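I have placed the structure first, in the form of structure tokens, so that the comments after it can refer back to it.
Each value in this text was obtained by applying a stated rule to the coordinates, not by laboratory testing. The model shown is predicted, which means the values in this text are computed figures rather than measured ones. Don't worry about glycine lacking a Cβ; one is built from the backbone with ideal geometry, like all the others, and counts go over all protein chains shown.
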Amino acid sequence: MGEGSKSSRIDPSVPHPARRYNYWLGGKDHFAADRASGDRIAEVFPVVVDLARANRAFLRRGVRFLAESGVRQFLDIGTGLPAPDNTHEVAQRVAPECRIVYVDNDPVVMSHARALLRGDTRGRIACVEADLRDPGAILAHPTVRETLDLRQPVGLLLVAVLHFIKDDATATAAVRALLDALPPGSFLAMSHSTLDFGSPAGVAAYEQMFATGAIDVRCRPKDSINAWLTGLEIVTPGIVAVSDWRPEATIPERTACQDLGIYAAIGRKH
């Protein structure tokens, strides 16, 4: 999910984060501009492909944790293109009655999602084309209201999406508005790019690419992620490199410890 305005118009000459992410994950739903953008970033930060896959694995682990914790409703914002182990697949393996709303501002994502996402009939899946920068529109959307009961706990997923909002105040306002609308017992699961693990050379390379528009990810430090989780009970192991959030392997792959990295965290609302 990027910062483009909501529109049904698709411009294949402009790279989009969701399609670039799909390219890094080995998918097929991308254009030449997306591949060129992905290759340009990967040339400078080779770890980015591993990070994309590690982030996807965190989504799977995080959703499973939430479902096993009793969450039966999920609001997945910036969902990206369908890939193995989508949110509803993971959640409904734990509890078939889970309800999921996918939100993205890319019409390509939404068209694929509506065509391909099929879940357990005991639950429900819905798709909404909307932008994270307008949380009020998301929360008021009839499809969201029809699918989710916002009086009951919700798993809010902001996985690798806030870093596409460049303005700090806008990102903070979006997180706060969404959390304020959810009842106690809800969770926020999030991941976000960072340079905290970076070398001086890596940081300089990022800053140069960001300044020229070659990279559209706004990296932020751990303090920013911690601020968004203020008032929540942060689940163990806290705010950690994405590969280290409750890894399934005995020895996690520390893909996040090279220049460009990703933090992951989950917090529970009291």
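Whole percent per 5 Å bin, from 0 to the bin with the longest distance: what is P(r) over all C-alpha pairs of region 82-141?
Going out from 0 Å in 5 Å bins, region 82-141 shows 4, 19, 26, 22, 18, 9, 1 percent.
Can you give the helix-only mean residue ellipticity at 222 nm for the chain, where every DSSP H stretch with n ≥ 4 adds -39500 (n - 2.57) and the sum goes over all residues, rounded to the nearest 500 deg cm²/dmol?
So the helix-based figure for the chain works out to -11500 deg cm²/dmol.
Please give the length that would be gained between Ala173 and Ser111 if that part of the chain were fully extended, namely 0.36 nm times their separation in residues minus their C-alpha to C-alpha distance (nm, one decimal).
Values: separation 62, 0.36 × 62 = 22.32 nm, distance 2.83 nm.
Computed gain between Ala173 and Ser111 is 19.5 nm.
Counting only Cα atoms, I'd like the Rg/Rh figure for region 1-152, Kirkwood definition for Rh.
Using Cα coordinates only, the ratio equals 0.97.
Based on the Cα gyration tensor of the chain, what are the three equivalent ellipsoid semi-axes, each the root of five times an eigenvalue, rounded to whole Å and given largest first?
Whole-Å semi-axes of the equivalent ellipsoid: 27, 21, 18.
So if we plug the beta-carbon distance of Glu43 and Arg151 into 1/(1 + (r/R0)^6) with R0 = 41 Å, what FRET efficiency do we get, rounded to 0.05?
Efficiency for this residue pair is about 0.25.
Thinking of region 184-255 as a set of Cα atoms, what percent of all their pairs are more than 22 Å apart?
Percentage above 22 Å: 37.
Evaluate the distance, in nm, between pseudo-label points positioned 7 Å from the Cα of Lys222 and of His270 along their respective Cα→Cβ axes.
Between Lys222 and His270, the label points sit 2.3 nm apart.
For Ala33 and Thr236 in one chain, what is 0.36 nm times their gap in residues minus the Cα-Cα distance, to one decimal in nm?
That pair, Ala33 and Thr236, stretches by 69.1 nm at full extension.
What's the extension gain from Arg60 to Asp120 if we count 0.36 nm per residue and subtract their Cα-Cα distance?
19.9 nm
Cys98: net charge of surrounding residues, Cβ under 13 Å, Lys/Arg +1, Asp/Glu -1, itself excluded?
With Lys, Arg at +1 and Asp, Glu at -1, the neighbours total 0.
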